[in-house]
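One structure below.
Bear in mind that the values in this text are calculations on the coordinates, not laboratory data. Everything quoted here is computed from the prediction, not taken from an experiment. Cβ placement follows ideal geometry from the backbone for every residue including glycine, while neighbour counts extend to all protein chains displayed.
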Amino acid sequence: MTPKIYLAGPDVFFPDARTHFDALNAKCRSHGCIGVRPSDGQLELGGTGDEIADRIYRGNIELLRSCDGVLANLMPFRNPLEPDSGTVFELGFAVALGKPAAGYLPQRRRIHEDKIRGVCGVTRDAQGVGWDATHGFLVEEFGQPVNLMLSRSTRLFDDVDGAIEHLANVLAARVAQPDATLA
């Protein structure tokens, strides 16, 4: 059976989303996997905003359950610091289901606190603890490229090709050794 990889990310909002997903699926196929794009909630059926949102949510949950792994675009989305919240939810859901996940993000080697410093500024208290100068929130200074809940649960890569290759290898190993625990 060919492994299926759910393609999480804000890519659904790209102006050329269909072409973009076709290219991602081609990359998945070159590694022996099938890329599965998120549900559009059958937008052509219409309905209220709540009805469409519910169809998209339920469709994506069903797709996540049916896929073998998750590929996540963790680029900053609609702000310079954080990935798309829907993508983060999908990753958490997949991890809770025990599915392998790989993420890719630009500037993966740049640590999160440096990004915060660049956008919000960082002040230090008498104990040397860093605080976001714009909002007054504690800055996690753990040297991670994204929030630790993402960096500890999801293998991170600089580009989509490395992430897909990793997932394909993990999924192939799971098929070869179904009882082994692999990340």
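Between the amide H of Ala101 and those of Val70, Arg155, distances stay under 5 Å, these residues lying 5 or more places away or on another chain, with hydrogens modeled in the peptide plane. With θ taken as phi - 60° and the Karplus curve 6.51 cos²θ - 1.76 cosθ + 1.60 applied, the whole-hertz 3J(HN,Hα) list for the stretch 143-154 is x, 9, x, 9, 3, 4, 5, 7, 5, 8, 9, 10 Hz, x standing for glycine and proline. For a straight C-alpha distance cut-off of 17 angstrom, the aspartates and glutamates reachable from Lys4 (same-chain residues fewer than eight places away being disregarded) are Asp22, Glu62, Asp68, Glu90, Asp161, Glu165. For the chain, the longest principal axis of the C-alpha atoms and the axis of helix 85-96 are separated by about 70°. Per-residue Cβ neighbour counts within 10 Å put Met1, Met75 in the sequence Met1, Met75, beginning with the fewest. Mean sequence separation of contacting Cα pairs (under 8 Å, at least six apart), scaled by the length of the stretch 121-183, corresponds to a relative contact order of 14 percent. Here the residues Ile56, Ile164, Ile5, ranked from fewest to most Cβ neighbours within 10 Å of their Cβ, fall in the order Ile56, Ile164, Ile5. Here the Karplus curve 6.51 cos²θ - 1.76 cosθ + 1.60, taken at θ = phi - 60°, turns the phi angles of the stretch 15-28 into couplings of x, 10, 3, 4, 4, 4, 5, 4, 5, 5, 5, 4, 5, 4 Hz, with x standing for Gly and Pro. Against the chain, whose longest principal axis comes from its Cα atoms, helix 49-66 is set at around 70 degrees. Counting beta carbons within 10 Å around each of Arg18, Arg37 and listing the fewest first gives the order Arg18, Arg37.
Here's how it looks for Gly130: its modeled amide H is under 5 Å from those of Val139, which are all 5 or more places away or on a different chain.
Based on the Cβ-Cβ distance of His135 and Glu44, what FRET efficiency does E = 1/(1 + (r/R0)^6) give at R0 = 45 Å, to the nearest 0.05?
The formula returns an efficiency of 0.65 here.
Each of Asn60, Val146, Ser30 was scored by the projection of its Cα onto the charge dipole of the chain, and the greatest displacement toward the positive side belongs to Ser30; charges sit on the C-beta of Lys, Arg, Asp and Glu. Model label points for Phe142 and Ala53, set 7 angstrom from Cα along the Cα-to-Cβ axis, are 3.0 nm apart.
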